[in-house]
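Trainee: Got a structure for you, written out below as structure tokens; questions coming shortly.
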Amino acid sequence: ADGLDFTQLKASKSTSSGYTTTKSISFNLNADSSVYDLGLFLPCSISNYIWNDLDADGRQDGNESGVESITVSLTDAGGLAVTDMSGATVSAIDLTNTDNGLYSFVNLKPGGYKVVISNLPTGYIITSQDASSDTIDSDVDSSTGITDTVNLSSGENDDSVDAGIHAA
């Protein structure tokens, strides 16, 4: 079961005194058993590129490089903070000149997420959203800086969530 994680187990019951007791259960993953129903899933990730859209057409061209000094954040579908598979809060990424515009959020649980870009350089705006195929266009709404919800299935690595910015 390498790389798999258990979903939260809610194995508790109320007693006659009103207290709740929780029972620990050990599993032998090599044994055949139809007694337990387990929810197993693999970690997910979202990643890609924030680039300078020199011609402001909403598409990545070969001469358009990654940008620095931008913050990339991740929220759940409702706009709330995200925790990863280990329970740690997923922190925003501040792109630097060594990142070449690349970002990556890893070790995520399956579910719906939104990528948020902020702290654009002075005089820059977000380019047009969905101007071309998903592999070369900007996926961020130009008025909000937020993507549509990206739904990740168990083990999925979505490396197509990118954003272009350009001089206003």
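The values are calculated or read from the model by the stated rules, or taken from the named source; none is laboratory data. All of these numbers come straight from a predicted model, not from anything done at the bench. Note: ideal-geometry Cβ built from the backbone for every residue, glycine included; neighbour counts use all protein chains shown. We work out accessible area using only protein heavy atoms, side chains counted, and drop any ligands, DNA or RNA first. Shrake-Rupley method; radii C 1.70, N 1.55, O 1.52, S 1.80 Å.
Trainee: Does the range 31-146 come out rounded, prolate or oblate by the C-alpha gyration tensor, with a ≥ b ≥ c the root eigenvalues, rounded set by a/c under 1.5 and, if not, prolate when a/b is larger than b/c and oblate if not?
Mentor: Taking the square roots of the gyration eigenvalues as a ≥ b ≥ c, the range 31-146 is prolate.
Trainee: For T149 and T122 in one chain, what is 0.36 nm times their gap in residues minus the Cα-Cα distance, to one decimal in nm? Provide the component values of the computation, followed by the final result.
Mentor: Details: separation 27, 0.36 × 27 = 9.72 nm, distance 2.74 nm.
Fully extending the segment from T149 to T122 adds 7.0 nm.
Trainee: If you don't mind, another one. Might you report the magnitude of the Cβ-based charge dipole of the range 61-141 about its Cα centre, with Lys and Arg at +1 and Asp and Glu at -1, to the nearest 20 debye?
Mentor: 340
Trainee: Lys/Arg Cβ at +1, Asp/Glu Cβ at -1, dipole of the range 70-168 taken about the Cα centre: which of V150, V90, I125 is farthest positive-ward?
Mentor: V90
Trainee: Still on this model: Two decimals is fine: what's Rg over Rh for the range 104-168, C-alpha atoms, Kirkwood radius as Rh?
Mentor: Ratio of gyration radius to Kirkwood radius: 1.00.
Trainee: Assuming R0 = 22 Å, what is the FRET efficiency of S132 and S45, from their Cβ-Cβ distance, to the nearest 0.05?
Mentor: Working from the Cβ atoms, E equals 0.40.
Trainee: Can I ask one more? Whenever you get a sec, line up T147, T89 from highest to lowest accessible area (probe 1.4 Å, protein heavy atoms).
Mentor: T89, T147
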